[in-house]
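Notes follow once the structure below has been shown.
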Amino acid sequence: MNDAPISRRFIAFLLDFFIAGALMSGLLYVLDYYTIFSVVSRFAGGEEKAYLQVYILFIGIFFIYELLSTLLLRATPGKIMANIETEFPGNYFVGRTFLRSLLKTITVATAPIGIPLTLLFGFARNSSSLIHDAICKSSITNESRCPRLFGILIFALAAACFYVFYVHYQQYFLDLRLIKIPTLY
């Protein structure tokens, strides 16, 4: 079992962070489209309650995304694209996966403190095992049993969700059509 380096794990984390955020934006679009829950205009207007609602929604989606993908595939789509996988030695796979996903979500929720702290923990131990791995006795290996195409397809789905969200709500955020680009003529 060859442990994956922290650099590959960090790239996988960034991909997973984008995928979870894009899936959240797709969910927000669907909820707004069917007038179930509309927070985007309030978020763009600077309402603090909307910030908190989006933050809690993202943390919930990230937890569910991390838990389900690790339970079903033994790796998140970001890890699949980076060709790494989560290994759990011994018994209690579901319990360890739940605890690992919860600890990783807490790390993401407290990002300014949690991410540097968990990286320092990994560097101090001189291994690629981070806090959530050490507590759950899991390891991230340099191999993946799931084809990379699956991770790429989920990434493409997430990018499509983000694109639809952006096209619909671009007046609230950065409207690229309003940027004056100099022409060649």
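No value in this document is a laboratory result; all are computed from the given coordinates. Given the structure is predicted, the values throughout are model-derived calculations rather than measurements. Cβ: placed from backbone, ideal geometry, glycine included. Neighbour counts: every protein chain shown.
For a distance above 22 Å, tell me the whole-number percent of Cα pairs in the stretch 95-185 that qualify. Please report the intermediate quantities before stating the final value.
Numbers: 2410 of 4095 pairs.
Tail fraction, whole percent: 59.
Taking 23 Å as the straight-line reach from the Cα of residue 79, the lysines in range (excluding those fewer than 8 positions away in the same chain) are 104, 137. Listed from fewest to most Cβ neighbours within 10 Å, the set 87, 66, 48, 143 follows the order 48, 143, 87, 66.
Between the exposed loop cleavage positions of the chain, defined as trypsin sites (Lys or Arg not before Pro) in a non-H, G, I, E, B DSSP state with at most 16 neighbouring beta-carbon atoms within 10 angstrom, the longest gap is 1-124. Each principal axis of the Cα atoms in the stretch 28-85 has its own extent, and those three values, largest first, are 40, 23, 16 angstrom. Computed 3J(HN,Hα) for the stretch 3-16, one whole-Hz value per residue from the Karplus formula 6.51 cos²θ - 1.76 cosθ + 1.60 where θ = phi - 60°, is 5, 6, x, 4, 4, 5, 5, 5, 4, 4, 5, 4, 5, 5, glycine and proline marked x. For the stretch 6-174, a simple Cβ point-charge model (Lys and Arg +1, Asp and Glu -1, everything else neutral) yields a dipole of about 420 debye relative to the Cα centre. Pairs of alpha-carbon atoms within less than 8 angstrom and 6+ residues apart define the contacts here; what relative contact order does the stretch 37-107 have, in percent? Reported relative contact order: 26 percent. Our summary gives the stretch 6-174 a relative contact order of 32 percent, counting only alpha carbon pairs under 8 angstrom and 6 or more residues apart. All alpha carbon pair distances within the chain were sorted into 10 Å bins beginning at 0; the resulting P(r) in whole percents reads 9, 32, 31, 19, 8, 1, 0.
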